[in-house]
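Below you'll find the structure, written out as structure tokens, and then a few comments.
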Amino acid sequence: MLFRSVRKEFARHKRRINPDVINAVIELSENDLFSLKNQIEKIVIFAGNRSEISLRDIETILGKDVQKTIFEIINMVLEKQIDKVLKFLDGLLIKEKPHQVLNLLAWQFRNFIKIKSLPNNVSQEKAARLLNTNW
């Protein structure tokens, strides 16, 4: 339903948008139609007279999904790319709410600690249940 509504709203503004971009708009916006409509208005104004909306437009206007960004940071930490982590965090803390970024990082590291404390023979499904996460 939301997918179709977003596509229609962009069409009403005579803008082309691919399914990945539509999904990004939905994911990065609140799930109510009023909020989505306001976000789409911002995107259309930002795009100016361009007829096609890109994923980069969406990320510039609405920001990147912080949770996905946290996973990117975690991967950099695991690969010991500390310079990249610091640069990435610096930019992220300027664009996003610092407490949100720090809470997500803390949550992820707490999960790592919990996982490390599990016995080696625990199945992935059982581990997910123990951590109260989806698998």
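Given the alternatives (i) 17.3; (ii) 16.5; (iii) 16.0, Kirkwood radius over Cα pairs in Å as computed for this entry is given by (i).
Pairs with C-alpha atoms separated by more than 22 Å, drawn from the list 8/42; 14/42; 87/114; 87/116; 80/116, are 87/114; 87/116.
Placing unit charges on C-beta atoms (Lys and Arg positive, Asp and Glu negative, everything else neutral), compute the dipole magnitude of the chain about its Cα centre in debye, rounded to 20. Don't skip to the answer; put the middle values down first.
Numbers: 23 positive and 16 negative charges, 39 e Å.
Charge dipole of the chain: 180 debye, to the nearest 20.
Taking a span of 24 Å or more along the helix axis (Cα atoms) and a mean Kyte-Doolittle hydropathy of at least -0.5 as the rule, the DSSP H helices of the chain that qualify are 98-117. A cut-off under 10 angstrom between Cβ atoms defines the neighbours of residue 76, and their net charge, with Lys, Arg +1 and Asp, Glu -1, is 0.
Since every read-out is calculated from the coordinates, none of them should be taken as a lab result. All figures in this text were calculated on a predicted structure; none of them were measured in a lab. Cβ coordinates were reconstructed from backbone atoms using ideal geometry, including for glycine residues, and neighbour counts include every protein chain displayed.
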